[in-house]
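A.B. asks: This is the structure, below, for whatever I ask next.
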Amino acid sequence: MPPAPQPSPSQQPPPRGARSPRRPYHHGDLRRAILTAALDVIAADGPSALSLRDLARRAGVSHAAPAHHFKDRTGLLTAIAAEGFGLLADTLNKAAELKDAGVRYVRFAREHPAHFQVMFTPELLRADDLELTTARTLAGDALRGAVSAVRPESLGIDARLAGVAAWSLAHGFATLLLGHNLDGPVGDKDPEEVFRTLAAMLFRTGP
């Protein structure tokens, strides 16, 4: 009977007491992974359900990892809000005119409901955070830019109040929509087209 084949040197078990070589840990962008997991939790259960320890478990990292990137829960929510305002500014800056800016605002809320919920809950955020204040200013400037492009005679009120009216209409519609309070009135209609019709009632900005 031939002898059993012996394992090659690479297959030999390490000597007793020897330490096995450690493989480097690769997770990719951990900060992004934590943010994404947080957004999933908020979209499903709201900001109150957020826990850094739970996010660490979801991301497969130590419970201290989220704190390394965001310090605490408030820091994480502030980062989410800052990212949201930046995304909102980007989409508003692409608007062709005021009604289009409003439609884009509603679309942003529908596509980023977790961001939208956190952005406008100031008690959850670190108000003096530079990234947040900068992004919020950019979003406000984008909305004001859309208002300023409208002919003065079309506004009927001064530009500042027109901006408040435009924001109130878009934000109110988006908030009611996300809360399913418009399921009856909107029905099977495209919410963006419904908003466009409402905006035409308030601002005479063209067809």
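A.B. asks: Any chance the stretch 182-203 includes a residue that's touching a Lys or Arg at 6+ places or on another chain (Cβ under 6 Å), closer than 11 Å to LEU98 by Cα, open to solvent by less than 60 Å² (accessible area, probe 1.4 Å) and modelled with pLDDT under 90?
C.D. replies: Yes; the residues of the stretch 182-203 include at least one that is touching a Lys or Arg at 6+ places or on another chain (Cβ under 6 Å), closer than 11 Å to LEU98 by Cα, open to solvent by less than 60 Å² (accessible area, probe 1.4 Å) and modelled with pLDDT under 90.
A.B. asks: Turning to a different aspect of this structure: List the residue pairs whose Cβ atoms are under 9 Å apart, where the first residue sits in the stretch 26-44 and is in a loop (DSSP other than H, G, I, E, B), the second is modelled with pLDDT under 95 and loosely packed, with under 13 Cβ neighbours inside 10 Å, and the two are 6 or more positions apart or on different chains.
C.D. replies: Final answer for the pair search is HIS27/GLY60.
The values are calculated or read from the model by the stated rules, or taken from the named source; none is laboratory data. Please read these numbers as outputs of a predicted model, since none were measured by experiment. All Cβ positions, even for glycine, are placed from backbone atoms using ideal geometry, and neighbour counts span all protein chains on display. What goes into the accessible areas is simple: the full protein's heavy atoms, side chains included, and nothing from ligands, DNA or RNA. Shrake-Rupley method; radii C 1.70, N 1.55, O 1.52, S 1.80 Å.
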